[in-house]
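> The structure under discussion is supplied below as structure tokens; questions concerning it will follow.
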Amino acid sequence: MSRLGPWQPSTLEARLDRMESLAAIRQLAFRYALCLDSRDMDSLVTLFPDDVRVGREERGRAALHRWFSETMSAMRTSVHLIGNHIVDFDDADHAHGIVYCRDELERPDTGLWQVGVLQYWDRYVRIEGEWYFERRKFHRFYIVDALTRPRPGAGLDENPLTTIQLPDAFPTWSEFWRRHEDRA
């Protein structure tokens with residue numbers, strides 16, 4: 001398997017397409033952060049397919065727009081700094097990846113300026129030549145007031161968005177420690 005996932009293009013043209021696709025997918029993450037921080041919900045929802053699933057009950061960009069508008073109105077200022085971005089191609093039109101993000105959130109209701117580190121676990125799909133987020137799920141390492149020293153899981157019990165704590169969300173995490181403890 002390649003470091004770009006299980007799908008192996010067989011022609012030079014397909015290899016070039018994969019390189020262009022990689023650049024387009026990475027732009028999705030950067031544009032997502034910019035849209036959140038600028039509160040440009042109209043542009044944000046165009047990063048997802050028309051029939052995007054929103055929660056368990058709703059579908060569509062209008063529902064996604066409502067959800068993001070409500071969620072982002074809970075904070076005044078946000079800063080999302082995108083870091084590592086791993087992309088694996090499943091085939092020419094489907095990929096998945098993990099994006100690291102450091103976020104900062106101003107919370108006027110509590111007087112806090114929070115800092116956190118999270119990952120987005122993404123599924124990407126190409127529809128009519130354009131790449132979109134098919135699904136975006138986030139997992140957090142922590143979120144704390146900027147004046148607080150972070151620790152794993154700090155602040156997650158206060159976070160209204162459902163998340164699985166990192167590093168426990170990694171399937172390999174518990175296996176690594178189980179093997180390490182068996183040797184001790």
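Just so you know, all these numbers are worked out from the coordinates, no wet-lab data involved. Treat the numbers as computed from the prediction; the structure is a model and nothing was measured. We place every Cβ from the backbone using ideal geometry, glycine too, and count neighbours over all the protein chains shown.
> Only residues that are crowded, with 16+ Cβ neighbours inside 10 Å, in contact with a strand residue (DSSP E or B) (Cβ under 6 Å, 6 or more places away or on another chain) and of a type in the set (A, V, I, L, M): list them for the stretch 113-156, please.
Across the stretch 113-156, the qualifying residues are 115, 117, 118, 125, 143, 154, 156.
> Then there's this: Cβ-Cβ distance below 6 Å, separation of 6 or more or different chains: which pairs start in the stretch 36-61 with a residue that is without any contact (Cβ under 8 Å) to a residue 24 or more places away in the chain and among the small types (Gly, Ala, Ser) and end on one that is buried (at least 17 other Cβ atoms within 10 Å of the Cβ) and not in a loop (DSSP other than H, G, I, E, B)?
Final answer for the pair search is 43/35.
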